[in-house]
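Single-structure report; data block below.
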Amino acid sequence: MPSRYLNNVQLYHFTTCPYCIKVRLAMKIMGIGMECKNIHANAEYRAQLITGGGKPQVPCLRIVHNDAVRWLYESSDIIQYLKQAK
C-alpha cells in the first residue's frame, strides 16, 4: 500500500511499456500511489490521452493544479516531478 496517494495526478500507461514500468517502479520505491489508466485495456483512456495530451505516447502524467491541466511526458521528467511532489 502506498504511503502517499496523489489525487491531483493520473498516470496514462500500458503494462508492458518499459518506460511505464520504470515510472511505476519509481512510484513503488517512493511509496506514491495514484490513479493509473491503462490505454491498452480501455479505449476511453486512450481517447482522453490523445484529446488532452495531443498524442498517444506513454507514460504520460496528467497533472491538475488550480483548475489548470498539464500533460507531462517522458519517464525521467515524470519521476523528477514525483520526487518533488513527495
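Quick note: the coordinates plus some simple rules give every number you see, no bench work behind them. All of these numbers come straight from a predicted model, not from anything done at the bench. Every residue, glycine as well, gets a Cβ built from its backbone with ideal geometry; the counts of neighbours run over all protein chains shown.
When 1/r is averaged over all different Cα pairs and the result inverted, which Kirkwood radius in Å belongs to the stretch 4-85? This gives a value of 12.5 Å.
Order these peptides, 43-53, 64-74, by their mean beta-carbon neighbour count within 10 angstrom, highest first.
43-53, 64-74
Think of it this way: in the chain, CYS36, CYS60 stand alone, with no other Cys Cβ under 4.7 Å. Only lysine pairs 8 or more places apart or on separate chains count here, and in the stretch 4-85 those with Cα atoms under 19 Å apart total 5. What is the sum of charges, Lys and Arg at +1 and Asp and Glu at -1, for the other residues whose Cβ falls under 13 Å from the Cβ of LYS37? Local net charge: +1.
What whole-number distance in Å separates the alpha-carbon centres of the stretch 14-36 and the stretch 42-86? Measuring centre to centre over Cα atoms gives 13 Å.
Neighbours of LEU49 by Cβ distance under 11 Å: Lys/Arg scored +1, Asp/Glu scored -1, total +3.
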